[in-house]
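Asks: Structure incoming, see below.
Rule-based calculations on the coordinates, nothing more; no lab input. Note that this is a predicted model, so its numbers are computed, not measured. Here Cβ is always computed from backbone atoms with ideal geometry, including for glycine, and neighbour counts include all displayed protein chains.
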Amino acid sequence: MTTRLTHHTNEERQTRPVHISPNVVCGDKALWIVAGPCAVEGPRQLEAVTQTLLPLGVTSLRGGVFKPRTSPYSFQGLGEDGLALMAEMKAQFGMTLVTEVMSIAQIEAMLPVVDVFQVGSRNMQNFELLKALGQIDRPVLLKRGLCASVDEFLWSAEYIMAGGNARVILCERGIRGVDSETRNILDLGAVAVLKQKSHLPVMVDPSHAAGRRDIIADLSRAAIAVGADGLLIETHPTPESSVSDAEQALSFEDFKALMAHIQPIADAMGRPVSQQDVALCH
Ligand code: PEP
Ligand code: MN
């Protein structure tokens, strides 16, 4: 049995930070807060989001341009036009960009623009895609499959790392449960287990776990308290008109309230909320 690359190899059991840009890192002291719309819908939407996030110290913008939708008749994302809009936000405001890759064919167009390649829940076991991402020099945010065990999740990370790409960030986004009160069950026990088993940073996405906006701030606090290295939050200028995941999108007001709500927990855990503060400290 070969040693698993995803597992701790020393007694220290410490998280090994993943560098995203010179000023942005996940798995170090500061939390990595990623926010933005479920899907990129147009320039006005994306600019409004970016301009809201910047003063709050959020350095990474998320936005889907290739969207995995349950129905083939639902909006599938703006594709490369959406990628160009994301690139514009990076050029104008210096945001680092996180977006989902759904197929090997999309990688080439994404490389010049995207800082972190997200693998969605539905693709966690797309092994050919994972192998291809093992060959690129870019961090990968790997989301846990809809029904995946912790071990299956770590084996998927192993595929990327075995190819030579060590910059993998795990993301717990909820697993299928029995209760329709929430879209999924946010498995915070898995976050604790992942931190224990692996040196990889672990993010939490309370938006897709909850599927409803009213409990996202509380789940965010719990995620930080259990040791998550960051949060992935969906926010939209007019949540009710979001083309996808409208029920879980936070308004800007809600997002600002969330940032204030997590502060005391982040302080208690000794984790700065803003990466900009960390950059200033160095
Ligand atoms: C998303 O982040 O927009 C997304 C589709 O997430 P997941 O793969 O976790 O469903
Ligand atoms: Mn979404």
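Asks: Could you run the Karplus curve 6.51 cos²θ - 1.76 cosθ + 1.60 with θ = phi - 60° over segment 96-108 and give me ³J(HN,Hα) per residue in whole Hz, x for Gly and Pro?
Replies: Coupling constants for segment 96-108: 8, 10, 10, 8, 7, 9, 9, 8, 4, 4, 7, 4, 4 Hz.
Asks: Expressed in nm², what is the orientationally averaged projection area of the convex hull enclosing the Cα positions of segment 217-276?
Replies: Taking a quarter of the hull surface, the average projection is 4.4 nm².
Asks: About its Cα centre, how strong a charge dipole does segment 101-160 have in debye, to the nearest 20, once Lys and Arg get +1 and Asp and Glu get -1 at the Cβ?
Replies: Approximately 160 debye in magnitude.
Asks: Grab the Cα-Cα distance for Arg44 and Arg122, subtract it from 0.36 nm times how many residues apart they are, and report the gain in nm with one decimal.
Replies: Numbers: separation 78, 0.36 × 78 = 28.08 nm, distance 2.92 nm.
Extra length available between Arg44 and Arg122 comes to 25.2 nm.
Asks: List the residues, sorted by chain then number, that are 5 or more residues from Trp32 or on another chain and whose placed amide H is less than 5 Å from its amide H.
Replies: Those lying under 5 Å, H to H, from Trp32 are Gly27, Gly230, Leu231.
Asks: Choose one of Thr59, Ser244, Gly120: the residue whose Cα lies farthest towards the positive end of the charge dipole of the chain (beta-carbon charges +1 Lys, Arg; -1 Asp, Glu; about the Cα centre).
Replies: Gly120
Asks: I need the calculated FRET efficiency for the pair Lys131 and Glu253, taking r as the beta carbon distance and R₀ as 35 Å, to the nearest 0.05.
Replies: For R0 = 35 Å, the calculated efficiency reads 0.25.
Asks: Any chance you could list P(r) for segment 39-168, counting all Cα-Cα pairs in 5 angstrom bins from zero, rounded to whole %?
Replies: Bins of 5 Å from zero give 2, 11, 20, 21, 19, 14, 10, 3, 0 percent of pairs.
Asks: Please compute, for the alpha-carbon atoms of segment 13-81, the extent along each of the three principal axes and give them in descending order in Å.
Replies: Cα extents, longest axis first: 45, 30, 17 Å.
Asks: Let me have the relative contact order for segment 53-189, percent, based on Cα pairs under 8 Å that are six or more residues apart.
Replies: Details: 219 pairs, mean separation 22.9, N = 137.
Once divided by the residue count of segment 53-189, the mean separation gives 17 percent.
Asks: Report the percentage of all Cα-Cα pairs in the chain whose separation exceeds 28 Å, rounded to a whole percent.
Replies: Numbers: 11283 of 39621 pairs.
Taking all Cα-Cα pairs of the chain, the fraction more than 28 Å apart is 28 percent.
Asks: What dipole magnitude, in Debye to the nearest 20, does segment 113-265 give about its Cα centre under +1 on Lys/Arg Cβ and -1 on Asp/Glu Cβ? All intermediate terms of the calculation are to be shown ahead of the outcome.
Replies: Details: 15 positive and 20 negative charges, 74 e Å.
Roughly 360 debye, rounded to the nearest 20.
Asks: Return the long-range amide H neighbours of Met203 (sequence gap of 5 or more, or a different chain), with a cut-off of under 5 Å between placed amide H atoms.
Replies: Amide H neighbours of Met203, under 5 Å, 5+ apart: Leu170, Cys171, Glu172, Asp229.
Asks: Right, something else. Using a simple charge model, +1 on the beta-carbon of Lys and Arg, -1 on the beta-carbon of Asp and Glu, nothing else, what dipole does the chain show about its Cα centre, in debye to the nearest 20?
Replies: The dipole magnitude comes to about 460 debye.
Asks: Taking amide H positions as placed 1.01 Å from N in the peptide plane, with prolines and chain starts having none, which residues 5 or more places from Gly177, or on another chain, fall under 5 Å of its amide H?
Replies: Ile185
Asks: On to the next question. Would you mind computing, in nm to one decimal, how far apart the modelled labels at Met269 and Ala87 are, each placed 7 Å from Cα along Cα→Cβ?
Replies: 3.5
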